[in-house]
């Protein structure tokens, strides 16, 4: 009986670990391709709309992209890196010394519907929620 209990406990531990790995793999495989828009609101400045244009390479799970800041007449600023782990995303743009740290907000069907996070530039953190634009379909190239 003790052996059966040990086997049952071991099976439960393995099942839980497998479920955790499955969730992590699903998060990493999440396709965030499309336009993600938000508005930076800081006490020091007028609100600034920003647009992240993200693309997922077909051959792997890596995303690339650009940033547009229409009010500043800036478009196509290259994103240096995009890291997605455990429903967390980090986007870095060295050209304007920006880092964005966010949490993926998931719908019941597992689709990412928004990203809640902070825009960090020159040591100032500004809350920024990114929503998928109406053109977002997960299959844009």
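The numbers here are math on the coordinates, done by the rules we state, and not lab data. Note that the structure is a prediction, hence the values are computed from the model and not measured. All Cβ positions, glycine included, derive from the backbone under ideal geometry; neighbour counts span all protein chains shown.
Miscellaneous remarks
- Rule-of-thumb Rg ratio for segment 31-132 [Cα; 2.2 N^0.38 Å; N residues]: 1.03
- Cβ crowding within 10 Å ranks 94, 33, 122 as 122, 94, 33, fewest other Cβ atoms first.
- Overall Cα dimensions of segment 77-122, principal axis frame, Å, largest first: 36, 18, 16
- Computed from label points 7 Å out along Cα-Cβ, the spacing between residue 121 and residue 88 is 2.4 nm.
- Sorted by Cβ density within 10 Å, fewest first, the residues 116, 124: 124, 116
- Modelled FRET efficiency - R0 22 Å, residue 105 with residue 62, Cβ distances, 0.05 increments: 0.50
- Surface/4 of the Cα convex hull for segment 31-90, nm²: 4.9 nm²
- Neighbour-count ranking [beta-carbon atoms within 10 angstrom, fewest first] of 35, 92: 92, 35
- The gain in end-to-end length when the residue 43 to residue 113 segment is fully stretched comes to 22.5 nm, 0.36 nm per residue minus the alpha carbon separation.
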